[in-house]
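Taken together, the values in this text are just the output of simple stated rules run on the coordinates, not laboratory data. None of the values given here were measured: they were computed from a predicted structure. Here the Cβ positions follow ideal geometry from the backbone for every residue, glycine too, while neighbour counts run over all protein chains shown.
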Amino acid sequence: MKLRRLLLGISLLFLCSGTLLSSQERDEQVALVVGFGDGSYLVRCVPWMEGMTGLDLLYASGLQISEDRGLVCKIGPEGCDYPKERCICSSSYWNYWHWQDGAWRYSGVGAGGYLLHPGDVDGWAWGGAGTVPPTIAPDEIFAPERVAPGIPRVEVVNGDLLACVNFKGDVNGNARIEGHCVRVDEAGSQVSCSLDRQESRFCGTLVPEINQGVYRITFSILDPDGVRGSSEWTLLFTMTSPVYIFCPFISNGN
């Protein structure tokens, strides 16, 4: 547990720095490939530490994890909402794999019992029994110049629809992320914008003064060096009601 807390702290440090992780040599790193049910996937590289397990790697990746005594229920937005529901709540679940001898090999032990070594690549895939993660060569995974995008996040702030995508890699700074938004519950034109690059993420305003409705948002990740993970993400966002900013009323007591 102490190792997991330390790894989580290191992960948060890397999420705030665009170059610290890339300075690590490959023989000092381990990698994670996560394949989601819609075909999108992401890649994470983190520093290896003595005694590190597959479960430690998941926590160190910065992704939101739900688990039941080592059994992984949810990674990011996909999985079962334990403890509100059973950890395995459907015929789909998180399959655990290791990249060995040029192919994915199904893990014979749980993530909490699998010890990692420098240069190892772990894989997780959401689906029925035997669902395999995307195949990505380790040379591509550990290449520091390739951008590794995270899961896009959208929110409404002061009435505007904002989007942000965390990233790692891209040490030469030539990656771009574009957002495309179209309203799908009624006829509407597509709105596109390039997200602004910040220290460890891309952010931008997709729709100013957004109205109620259902919107399909597509993110295109562009990097001449290649992308460590899915080059496109699609999210569905429902704006159910106007957003108001309430200011507290201060009484003078009279």
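Tabulated data for the structure shown
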| item | result |
| --- | --- |
| Proximal charge balance of K74 [Cβ under 9 Å; K/R count +1, D/E count -1] | -3 |
| Pairwise label distance in nanometres, D196 with D101, each label 7 Å out on the Cα-Cβ vector | 5.3 |
| Cβ crowding within 10 Å averaged over residues, with 34-44, 92-102 ranked highest first | 34-44, 92-102 |
| R0 of 22 Å, Cβ-Cβ distance V109-I88: FRET efficiency to nearest 0.05 | 0.80 |
| Segments 185-192, 148-155, 63-70, 114-121 sorted - mean Cβ within 10 Å per residue, highest first | 148-155, 114-121, 63-70, 185-192 |
| The stretch 165-234 and the stretch 53-104: distance between their alpha carbon centers, rounded to Å | 26 |
| Difference of contour (0.36 nm per residue) and Cα-Cα distance, H117 to R69 | 15.0 nm |
